[in-house]
Amino acid sequence: MRRVWAVLGSALFLVIAPGVVVGLVPWWISRWVIGPPLIGVPLVRALGVLLIALGIPAVLESFARFALQGEGTPAPVFPTRRLVVKGFYRYVRNPIYLANVSVIFGQGLLFGNVRLLAYGLLVWLGSHVFVVAHEEPTLRRTFGGEYDAFCANVPRWIPRLKPWSEPTAHG
């Protein structure tokens, strides 16, 4: 039954958090109107599309992984029972935040909107402060050495090139 609530809670949180931060607010800022390409280079738009195309599946997969593997949600009010260290978490500790910022930056590049890029920077900064001040200490208290090993092997923001494999004792 917990897994059902985890799936429903994750779906609801997906609509509320990334739906607003990555969808609604960028729309308010840009109205999704395509302006002139940034720095006058149309190819910059292709980079924006790539960032969006990489970010959306990462958010969706990571949310699903929280519910199905961790039996919880990304929302602090219904956290996971198990530390999630599979999927995109094998490359970077914060794939949801990173993917959200990727989609926002992608929209800024696609639409040629500097205000969206500035907003993306603010979202990343807010995410960083939340991760360092709240999320990491909470995970360290909850999962102890398992989380320490994860942190020692997986970077916070810049993805590894090769996926990390957790020790087999946990697997």
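Examine region 65-75 for a residue that is surrounded by fewer than 16 Cβ atoms within 10 Å (Cβ to Cβ) and out of contact with any Leu (no Cβ under 6 Å at 6 or more places or on another chain), and state whether such a residue exists. Looking for residues that are surrounded by fewer than 16 Cβ atoms within 10 Å (Cβ to Cβ) and out of contact with any Leu (no Cβ under 6 Å at 6 or more places or on another chain), one finds at least one in region 65-75, hence yes.
Of all helices (runs of 4 or more DSSP H) completely enclosed by region 74-171, which ones contain at least 1 residues that are touching a residue at least 60 places away in the same chain (Cβ under 8 Å), closer than 21 Å to F63 by Cα and under 15 Å from the mean Cα position of the chain (by Cα)? Spell out the reasoning first.
Working: elements: 95-111, 114-130, 136-143, 145-153.
Result: 95-111, 114-130.
Restricting to region 13-49, what's the tally of residues that are over 16 Å from the mean Cα position of the chain (by Cα) and among the hydrophobic types (A, V, I, L, M, F, W, C)? Residues meeting the conditions: 16. What's the number of the only condition in (1) part of a helix (DSSP H, G or I); (2) open to solvent by 50 Å² or more (accessible area, probe 1.4 Å) that V25 fails to meet? The single condition V25 does not satisfy is (2). Which condition does V44 not pass, out of (1) open to solvent by 20 Å² or more (accessible area, probe 1.4 Å); (2) at pLDDT below 95; (3) closer than 28 Å to P155 by Cβ, if it passes all the others? Unmet condition: (2). Residues in region 83-92 that are out of contact with any Pro (no Cβ under 7 Å at 6 or more places or on another chain) and either open to solvent by less than 20 Å² (accessible area, probe 1.4 Å) or among the basic types (K, R) (or both): L83, V84, V85, K86.
The values are calculated or read from the model by the stated rules, or taken from the named source; none is laboratory data. These numbers come from a predicted model, not from an experiment. A quick note on method: Cβ atoms are made from the backbone with ideal geometry, for glycine too, and the neighbour counts reach across all protein chains shown. For the accessible areas, the whole protein counts, side chains as well, though only heavy atoms, and no ligand, DNA or RNA atoms are used. Shrake-Rupley method; radii C 1.70, N 1.55, O 1.52, S 1.80 Å.
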